[in-house]
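As structure tokens, the structure follows; a few thoughts come after it.
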Protein chains: 2
Amino acid sequence: MSCESRAIDQLRESGVRLTPQRAMVLEAIYHSDGHLSVEEVHERVQQLSPYVDLSTVYRTVMFLKQQGVIGELRLDGQPVRYEAVRFGQEHHHVVCSSCGAMIDVASDDLETLSELLDTKYGFEVNLVHLTLVGQCPACRNDQSR
Amino acid sequence: MSCESRAIDQLRESGVRLTPQRAMVLEAIYHSDGHLSVEEVHERVQQLSPYVDLSTVYRTVMFLKQQGVIGELRLDGQPVRYEAVRFGQEHHHVVCSSCGAMIDVASDDLETLSELLDTKYGFEVNLVHLTLVGQCPACRNDQSR
DNA sequence: ATTGCAGATGCGAAAATTTGCAACTACGAC
DNA sequence: GTCGTAGTTGCAAATTTTCGCATCTGCAAT
């Protein structure tokens, strides 16, 4: 069983079409450890099937993101990147605006916020794969010198 | 005194250059009530000064966003939009993924999260103008029918 | 007021992303 | 299995966004 099989099940249950292209994009992203740009996803998918178009990759990552099985990482001055949203390892990112260091934040840490938005505004918020910007401990020290 | 004067002060204090182009982009965004796309900002700026280039507007909104005086609103299927971050009215957005309804969430509501990220990870996070996706009360009801 | 220069701008060109559309296909109904 | 169709895809073209670079300018120092 491949590591993206759970995501595939999730798509099946949502009643959306599971095309070979979608499966390949999913595979490329789930079998990568880091964050892939669209271009990198395209390269990897083309190794599996050479005629998959770049525009299909664009449409597919958008689709998979909306389905919640991949996450988008959008940092100023860098290409947009995508990563797997693995079951049980859902997380967010915090990036240091000074040095670029990035840490993962467990989804549970945003549970309080989620509850607040529910009780106060009635919104059921999908807190999936946020990217927050801030300053890491080291850069905070540097700055205060 | 114009409504963006406080933002201008903030830029001065940061020691960054205050060019006419930056002031005009700031003015266009602060004098608009809603959210403007880059194209719309460009149109308004050109009415003040016809030779301001579109690429300058792109660079300027990126800059002003990083300075924290304007906020970016990025919704799937819509052009990126920018709005003023007015002192004392800092807020975030929650958008309903079903009907598109959007509400503002006061910055204070994220105070707890901010403290958690500080104590747990040591990050001083800049919680400015986030956009969260979820479901509004009405659509939650519709769905459960 | 003048000077020096790091950083900003305008312009053209390149790169990234989206879109229109005819052909194709996953998948539910039979 | 076959059929029908709504939803996808590949391709080409349009559009949006970024970038390189020569020139220009805000502003701190004098």
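Out of all the residues in the range B:21-52, which are open to solvent by 80 Å² or more (accessible area, probe 1.4 Å) and more than 19 Å from residue B:79 (Cα to Cα)? Full working, then the answer.
Here is the first cut: in the range B:21-52, the ones open to solvent by 80 Å² or more (accessible area, probe 1.4 Å) are B:31, B:33, B:39, B:43-44, B:47-48, B:50-51.
Scanning the range B:21-52 gives B:31, B:47, B:48, B:50, B:51.
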Can you work out which of the residues in the range B:59-68 that are within 12 Å of another protein chain (Cβ to nearest Cβ) and within 12 Å of DNA strand D (Cβ to nearest atom) is most open to solvent (accessible area, probe 1.4 Å)? B:59
Mind listing just one residue for me: the one in the range A:81-99 that is more than 24 Å from residue B:115 (Cβ to Cβ) and open to solvent by 40 Å² or more (accessible area, probe 1.4 Å) and, of those, nearest to the other protein chains (Cβ to nearest Cβ)? A:81
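Go through the range A:103-112 and give me each residue that's open to solvent by less than 70 Å² (accessible area, probe 1.4 Å) and of a type outside the set (Ser, Thr, Tyr). It would help to see each step written out before you state the result.
Going through the range A:103-112, the residues open to solvent by less than 70 Å² (accessible area, probe 1.4 Å) turn out to be A:103, A:105-107, A:109-110.
A:103, A:105, A:106, A:109, A:110 - these are the residues of the range A:103-112 that are open to solvent by less than 70 Å² (accessible area, probe 1.4 Å) and of a type outside the set (Ser, Thr, Tyr).
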Can we say residue B:71 is free of Cβ contacts under 8 Å to residues at least 12 places away in the same chain and more than 7 Å from chain A (Cβ to nearest Cβ)? no
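Consider residue A:48 carefully, then state whether it is facing chain B (nearest Cβ under 7 Å) and without any contact (Cβ under 8 Å) to a residue 60 or more places away in the chain.
Details: facing chain B (nearest Cβ under 7 Å): no; without any contact (Cβ under 8 Å) to a residue 60 or more places away in the chain: yes.
So residue A:48 does not fit the description; no.
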Any chance residue B:30 is free of Cβ contacts under 8 Å to residues at least 60 places away in the same chain, in contact with a Gly (Cβ under 8 Å, 6 or more places away or on another chain) and not assigned by TED's automatic domain parsing to the domain that holds residue B:101: no
Checklist (1) outside the structural domain of residue B:13 (by TED's automatic domain parsing); (2) modelled with pLDDT of 95 or more applied to residue B:49, failing item: (1)
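Every residue in the range B:119-137 that is at the interface with chain A (Cβ under 9 Å from one of its Cβ atoms), open to solvent by 40 Å² or more (accessible area, probe 1.4 Å) and without any contact (Cβ under 8 Å) to a residue 60 or more places away in the chain, please. Walk me through it before giving the result.
Here is the first cut: in the range B:119-137, the residues at the interface with chain A (Cβ under 9 Å from one of its Cβ atoms) are B:120-128, B:130, B:132-137.
Applying the additional criterion that residues be open to solvent by 40 Å² or more (accessible area, probe 1.4 Å) yields B:120-121, B:124, B:126, B:128, B:133, B:137.
Once the filter is applied, which keeps residues that are at the interface with chain A (Cβ under 9 Å from one of its Cβ atoms), open to solvent by 40 Å² or more (accessible area, probe 1.4 Å) and without any contact (Cβ under 8 Å) to a residue 60 or more places away in the chain, the range B:119-137 yields B:120, B:121, B:124, B:126, B:133, B:137.
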Filtered residue count, the range B:33-58, keeping only those that are polar (S, T, N, Q) and within 10 Å of DNA strand D (Cβ to nearest atom): 3
Could you tell me which residue of the range A:4-14 is nearest to DNA strand C (Cβ to nearest atom), considering only residues that are open to solvent by less than 70 Å² (accessible area, probe 1.4 Å) and not aliphatic (A, V, I, L, M)? A:14
Among (1) open to solvent by 70 Å² or more (accessible area, probe 1.4 Å); (2) not assigned by TED's automatic domain parsing to the domain that holds residue A:65, which single condition is residue A:78 missing? (2)
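The values are calculated or read from the model by the stated rules, or taken from the named source; none is laboratory data. Every value quoted in this text rests on a predicted model; they were computed, and no experiment measured them. Glycine gets a Cβ as well: all are built from the backbone with ideal geometry, and neighbour counts include every protein chain shown. The accessibility values were calculated without ligands, DNA or RNA, using every heavy atom of the protein model including side chains. Shrake-Rupley method; radii C 1.70, N 1.55, O 1.52, S 1.80 Å.
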